[in-house]
Amino acid sequence: MRLLGELEPTKNPDKLALRVEKLAQAVDAIDIPEAPMGRPIASAAVLAAYIKAKYFIDVVPHVRIVDVNTVGLLSILGGLRAAGVEEAVLLRGDRPALGGTVEELTVEEAASIAAKRLHGSPRLGAMLSLRYPMEAIRSRLEAPLSFYLVLRANYSIERLAEVSKLARSLGKTLYPYVIVASKKNYEKLKMMLADQPIYSLDEAIRFAEKVKSYVDGLLISSPGDMDTVAEAAREIKRRLGLPRG
């Protein structure tokens, strides 16, 4: 069971250092969103290269297909490869808060082009919602991608078991999102994330115990509260008997 912690991107170098240091002590890899809600903050790819070089921890930056054409995509992924970043997530992304959208590629097309041009490095992932019909889930699992960040993994344990069996038959790995709320950010998350599941710390631990046999790890998120991400990771590792970060 591999634990990823979601880093809230920032342009402030002092805040960035503090957030990375908190996560590095608790998780196995740092997941870096790109332009959350379509707002420009700091390039996930640039942050990933910097964090990898300075802190020697695995990083998983996101790349929004809505922001790049084919040349831009390959340039970003080539830069990550040169920087020693071994994984990246491709996603469509929310509509940009500024400027227009790029309609050149789908996630699957981007993954196919990258696989042909970059020969499998960095390994690429994508989002996968369990609310999709099984035909759509199968299609995404059969794309040239290595791993998936699973949305709404609590939708149905039977569906998760079915998807897990298929993913493993294809050599793919699954990392469900676990969004953990604290008193500090609960109301904000309820408003921002609508119908996505939000857990208390105890609920997150119980969820981890429930799904551990079906998944390869978890992605722990708590927008606006890095302390909660680190605490949740430590407690899940302790409860599941996993090596400490």
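The values are calculated or read from the model by the stated rules, or taken from the named source; none is laboratory data. Please read all numbers here as calculations on a predicted model, not as lab measurements. A quick note on method: Cβ atoms are made from the backbone with ideal geometry, for glycine too, and the neighbour counts reach across all protein chains shown. For accessibility, only protein heavy atoms count, side chains too; no ligands or nucleic acids. Shrake-Rupley method; radii C 1.70, N 1.55, O 1.52, S 1.80 Å.
Below are the figures for this structure:
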item: Residue match in region 131-145 (condition: out of contact with any helix residue (DSSP H, G or I) (no Cβ under 8 Å at 6 or more places or on another chain) and closer than 27 Å to Ile51 by Cα); result: no
item: Pick from region 197-217, criterion hydroxyl-bearing (Ser, Thr, Tyr) and in a loop (DSSP other than H, G, I, E, B), ranking: nearest to Ile157 (Cα to Cα); result: Tyr214
item: Positions within region 218-245 being among the small types (Gly, Ala, Ser), assigned to a loop (DSSP other than H, G, I, E, B) and surrounded by 15 or more Cβ atoms within 10 Å (Cβ to Cβ), in sequence order; result: Ser222, Gly245
item: Residue check for Gly93: farther than 15 Å from Phe147 by Cβ, touching a residue at least 12 places away in the same chain (Cβ under 8 Å) and touching a strand residue (DSSP E or B) at 6+ places or on another chain (Cβ under 6 Å); result: yes
item: Residue within region 97-107 that is touching a residue at least 12 places away in the same chain (Cβ under 8 Å), part of a helix (DSSP H, G or I) and of a type in the set (Ser, Thr, Tyr) present; result: no
item: Unique match (being of a type in the set (A, V, I, L, M) and over 20 Å from Arg234 (Cα atoms)) among Leu201, Leu193; result: Leu193
item: Pairs with Cβ under 7 Å, 6+ apart, first in region 169-184 and closer than 23 Å to Ser146 by Cβ, second open to solvent by 60 Å² or more (accessible area, probe 1.4 Å); result: Leu170/Glu142
item: Whichever residue in region 144-158 is at pLDDT below 95 and small (Gly, Ala, Ser) and, among such residues, is surrounded by the most Cβ atoms within 10 Å (Cβ to Cβ); result: Ala153
item: Among the residues listed as Lys183, Lys212, the single one being more than 28 Å from Ile57 (Cβ to Cβ), of a type outside the set (S, T, N, Q) and open to solvent by 30 Å² or more (accessible area, probe 1.4 Å); result: Lys183
item: Residues satisfying the stated conditions in region 63-109, i.e. under 15 Å from Ala44 (Cβ atoms) and acidic (Asp, Glu); result: Asp67, Glu86, Glu87, Asp94
